[in-house]
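One structure is given below, encoded as C-alpha cells.
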Amino acid sequence: LSYKDMYGAQILQTVSAAVSIKSTSLYELLDTFEKEGKIIKTPTVIDGVSCDLCSITALGQYHLNAFLKA
C-alpha cells in the first residue's frame, strides 16, 4: 500500500509470492489496521465488483518505516 492503493484480492496476489496467508486472515488484518488508523478502506466498484480500496495513512506509513528499520 505504500506504493499504490489496492483492494484485498490485489494485496493477496501481491504478497502470495513471499508470504503464505489465507484470505480470511488477510481481511482480518486489514480490519485491524483500519481500526488502528493505519489504513483507510474506501468502498468502490472495480470492473463491476464492489470492494474496499485500501490506502495507507500517515500513521501506517510511520509504523511501516519503523518496522523496516528494525
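The values are calculated or read from the model by the stated rules, or taken from the named source; none is laboratory data. Worth saying up front: this structure is predicted, and the values here are computed from it rather than measured. Note that we place each Cβ from the backbone using ideal geometry, even for glycine, and neighbour counts take in every protein chain shown. Just the protein is used for accessible areas: all its heavy atoms, side chains included, with ligands, DNA and RNA removed. Shrake-Rupley method; radii C 1.70, N 1.55, O 1.52, S 1.80 Å.
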**OP:** Within the range 23-45, track down each residue that is open to solvent by 90 Å² or more (accessible area, probe 1.4 Å), within 22 Å of Tyr62 (Cα to Cα) and not acidic (Asp, Glu).
**Re:** Tyr27, Lys35, Ile40
Original post:
Take the residues of the range 1-17 that are out of contact with any Asp or Glu (no Cβ under 9 Å at 6 or more places or on another chain) and not in a loop (DSSP other than H, G, I, E, B): which is most open to solvent (accessible area, probe 1.4 Å)?
Top reply: Gln13
**OP:** From (1) loosely packed, with under 11 Cβ neighbours inside 10 Å; (2) assigned to a helix (DSSP H, G or I); (3) of a type in the set (S, T, N, Q), pick out the condition that doesn't hold for Ser20.
**Re:** (2)
Original post:
If you scan the range 33-54, which residues turn out to be assigned to a loop (DSSP other than H, G, I, E, B) and within 18 Å of Thr14 (Cβ to Cβ)?
Top reply: Lys38, Asp47
**OP:** Could you tell me whether Phe33 is touching a strand residue (DSSP E or B) at 6+ places or on another chain (Cβ under 8 Å) and modelled with pLDDT of 90 or more?
**Re:** yes
Subject >> Boolean, Gly48 is at pLDDT 90 or above and exposed (fewer than 14 other Cβ atoms within 10 Å of the Cβ) >> reply: yes
